[in-house]
Amino acid sequence: MIGLSYITITKKRDFDLVAKRGFWVNSQSFSCKVLELAKNRSYFPKKVDPDKFVKQLKLAISTGVKFSKKAVVRNRARRLLREAIRLESVGQTLRPGLYLLFVPKITILTKNFADLRAEVKLFYKKINLF
């Protein structure tokens, strides 16, 4: 089982790298910016071993004030998406070498959780994460 606290994107340089070099993959309830690390070796940090850096799999979930002005609503969307991602990742061997930045859409709040899990599973297949 993968604990999400160990694979979250935390550094500003990593967020900037995903924002500048990643590509969007859309779904009904969320969008995701995907960065394949192997294709962006020239942008790696200088102090980090490139072979080790390429083998990472990190993700982040971003909900801004544009999503909702209420923090309770933003946090609920984040928790729903994080739990769906966690449940679909349990017991799976995920392909390393990706940074994933998930951005939930407002429709995530009205969606059934089982449908959200199925959508995450379909997204994993779409980006060939297994």
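Throughout, read-outs are computed from the coordinates displayed, never taken from laboratory work. Since the structure is predicted, the reported quantities are computational estimates derived from the model, not experimental observations. Here the Cβ is made from the backbone with ideal geometry for all residues, glycine too, and neighbour counts use every protein chain on show.
Give me a count of the residues in the stretch 67-81 that are within 14 Å of Phe30 (Cα to Cα) and surrounded by fewer than 16 Cβ atoms within 10 Å (Cβ to Cβ).
1
Among what's in the stretch 120-130 and is out of contact with any helix residue (DSSP H, G or I) (no Cβ under 7 Å at 6 or more places or on another chain) and buried (at least 18 other Cβ atoms within 10 Å of the Cβ), pick the residue that is farthest from Lys39 (Cα to Cα).
Within the stretch 120-130, the first condition is being out of contact with any helix residue (DSSP H, G or I) (no Cβ under 7 Å at 6 or more places or on another chain), and the residues that meet it are 122-123, 125-129.
Subset that is buried (at least 18 other Cβ atoms within 10 Å of the Cβ): 123, 129.
Working: Phe123: 21, Leu129: 16 Å.
Ranking the qualifying residues of the stretch 120-130, first place goes to Phe123.
Does Val18 satisfy the criteria of being touching a residue at least 40 places away in the same chain (Cβ under 8 Å), surrounded by 14 or more Cβ atoms within 10 Å (Cβ to Cβ) and not in a strand (DSSP E or B)?
Working: touching a residue at least 40 places away in the same chain (Cβ under 8 Å): yes; surrounded by 14 or more Cβ atoms within 10 Å (Cβ to Cβ): yes; not in a strand (DSSP E or B): yes.
Spelling it out, Val18 is indeed touching a residue at least 40 places away in the same chain (Cβ under 8 Å), surrounded by 14 or more Cβ atoms within 10 Å (Cβ to Cβ) and not in a strand (DSSP E or B).
Search the stretch 84-102 for residues being surrounded by 20 or more Cβ atoms within 10 Å (Cβ to Cβ) and outside any strand (DSSP E or B), and hand back the single one that is nearest to the chain's Cα centre (by Cα).
Restricting attention to the stretch 84-102, the residues satisfying the condition of being surrounded by 20 or more Cβ atoms within 10 Å (Cβ to Cβ) are 84-85, 88-89, 98-102.
From what's left, outside any strand (DSSP E or B): 84-85, 88-89.
Numbers: Ala84: 12, Ile85: 9, Glu88: 13, Ser89: 12 Å.
The qualifying residue nearest to the chain's Cα centre (by Cα) is Ile85.
Looking only at the stretch 29-47, which residues are assigned to a loop (DSSP other than H, G, I, E, B) and closer than 16 Å to Lys12 by Cα?
Here is the first cut: in the stretch 29-47, the ones assigned to a loop (DSSP other than H, G, I, E, B) are 29, 44-47.
Residues satisfying the conditions are Phe44, Pro45, Lys46, Lys47.
Mind checking whether some residue in the stretch 55-64 is basic (Lys, Arg), under 15 Å from Tyr124 (Cα atoms) and surrounded by 15 or more Cβ atoms within 10 Å (Cβ to Cβ)? First the steps, then the outcome.
Filtering the stretch 55-64 down to residues basic (Lys, Arg) leaves 55, 58.
From the residues that got through so far, the ones that are under 15 Å from Tyr124 (Cα atoms) too are 58.
Going one step further and asking which of them are surrounded by 15 or more Cβ atoms within 10 Å (Cβ to Cβ), we end up with 58.
Taking every residue of the stretch 55-64 in turn, at least one turns out to be basic (Lys, Arg), under 15 Å from Tyr124 (Cα atoms) and surrounded by 15 or more Cβ atoms within 10 Å (Cβ to Cβ).
Across the stretch 65-114, what is the total count of residues that are touching a residue at least 40 places away in the same chain (Cβ under 8 Å), out of contact with any Cys (no Cβ under 8 Å at 6 or more places or on another chain) and not β-branched (Val, Ile, Thr)? Reasoning before the result, please.
Within the stretch 65-114, the first condition is being touching a residue at least 40 places away in the same chain (Cβ under 8 Å), and the residues that meet it are 81-82, 85-86, 89-91, 94, 96-105, 107-108, 111.
Narrowing the set further to residues that are out of contact with any Cys (no Cβ under 8 Å at 6 or more places or on another chain) leaves 81-82, 85-86, 89-91, 94, 96-99, 104-105, 107-108, 111.
Those still in the list that are not β-branched (Val, Ile, Thr) too: 81-82, 86, 89, 91, 94, 96-99, 104-105, 111.
Selection size over the stretch 65-114: 13.
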